[in-house]
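Scroll down for the structure; my scribbles are underneath it.
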2 protein chains.
Amino acid sequence: MSPVFTPPAQPQAGCDLCTNPGGLLLWSEGDWRAVRVEDAAHPAFYRVICNRHVREFSDLSGVQRSRCMDLVCAIEQVLIAQLNPTKINLAAFGNMVPHLHWHVMARFDWDDHFPNPIWGARTREPAQPAAERLAVGLDVLDAAVLQALANA
Amino acid sequence: MSPVFTPPAQPQAGCDLCTNPGGLLLWSEGDWRAVRVEDAAHPAFYRVICNRHVREFSDLSGVQRSRCMDLVCAIEQVLIAQLNPTKINLAAFGNMVPHLHWHVMARFDWDDHFPNPIWGARTREPAQPAAERLAVGLDVLDAAVLQALANA
């Protein structure tokens, strides 16, 4: 059963992540939700997003930060186990949408930006669609992520 | 008294962060060190670097991850308190140097890449050097970071 996005009780006016799930919603519990970003060039790309409007990571308590990073880590471990990526990339920017969200993505030495961050310059034109090169399909990956989050 | 960089007991051959401090070394204790990155366009830019050769964030135990993020957070809080930045950016990539290191930087709506990540496209030619626009000098900022890390 897919979760349904519920806007926060106290949304920030005009905040995209107070209004929209921020990707394909996979899981939501308490203060956190996880989505998959539909990015054809980087298909193994998830986000952990705060369900409240929190601006900076340090606005969280230590306990809340640990919970947040446990979720980030759970996704990271699934990506490593399922895909054997060249590297995991983690980032929390929020320059465009200052509502705490962590990008968690598997990177491959064949992907179109490697070794640059995906926000950097493109380095190649891949020969085939990225999703076809993953060791498992996105449905399998999503299911493994969901299971890991449920146990985190 | 400035700390002295000590390579790990079991360095990874060819790893830049097993060989070099990775910036201006400010603080080192146990598994972690903190450096300031000398970047003229983004002067309020620090890194928290593992003193051992660890590849991915999830290679750490939960206790080690908490310690790591407490240090990241301590720097973030100093940057916010001292500089009132537009946003804090946090990232752990390691595509070039797969040795765990967290980038912690203050971003400003006037900086040369904002709102892009600093790895993205440049958005403007700033009118004056970035360091001159900071509310405090880098010596004051470094001292505040050092104090925060000592208390973290």
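The values are calculated or read from the model by the stated rules, or taken from the named source; none is laboratory data. In this text the structure is predicted, and so the values were computed from the model without any measurement. Cβ placement follows ideal geometry from the backbone for every residue including glycine, while neighbour counts extend to all protein chains displayed.
General observations
- Residue tally, condition more than 9 Å from chain A (Cβ to nearest Cβ) and either in contact with an Asp or Glu (Cβ under 9 Å, 6 or more places away or on another chain) or in contact (Cβ under 8 Å) with a residue 12 or more places away in the chain (or both), over the stretch B:47-64: 10
- Entirely in the stretch B:34-152, the helices (runs of 4 or more DSSP H) that have 2 or more residues that are at pLDDT 95 or above, of a type outside the set (G, A, S) and farther than 22 Å from A:F57 by Cα: B:130-133, B:138-151
- Tallying residues that are more than 14 Å from A:Y46 (Cα to Cα) and either surrounded by 18 or more Cβ atoms within 10 Å (Cβ to Cβ) or among the charged types (D, E, K, R) (or both) within the stretch A:71-81 yields 0.
- One residue stands out among those in the stretch A:95-111 that are facing chain B (nearest Cβ under 9 Å) and among the hydrophobic types (A, V, I, L, M, F, W, C): the one that is surrounded by the fewest Cβ atoms within 10 Å (Cβ to Cβ), which is A:M96.
- Among the residues of the stretch A:83-94, those identified as surrounded by 18 or more Cβ atoms within 10 Å (Cβ to Cβ) and either at the interface with chain B (Cβ under 7 Å from one of its Cβ atoms) or over 12 Å from A:F45 (Cβ atoms) (or both) are A:K87, A:I88, A:N89, A:L90, A:A91, A:A92, A:F93, A:G94.
- Some residue of the stretch A:19-26 being over 15 Å from the mean Cα position of the chain (by Cα), surrounded by fewer than 20 Cβ atoms within 10 Å (Cβ to Cβ), modelled with pLDDT of 95 or more and within 14 Å of another protein chain (Cβ to nearest Cβ): no
- For the stretch A:124-134, a residue qualifies if it is surrounded by 13 or more Cβ atoms within 10 Å (Cβ to Cβ) and over 18 Å from the mean Cα position of the chain (by Cα), and the qualifying residues are A:P126, A:R133.
- Extreme residue, nearest to the other protein chains (Cβ to nearest Cβ), among residues of the stretch B:112-152 that are touching a residue at least 40 places away in the same chain (Cβ under 8 Å) and in contact with a Pro (Cβ under 7 Å, 6 or more places away or on another chain): B:D112
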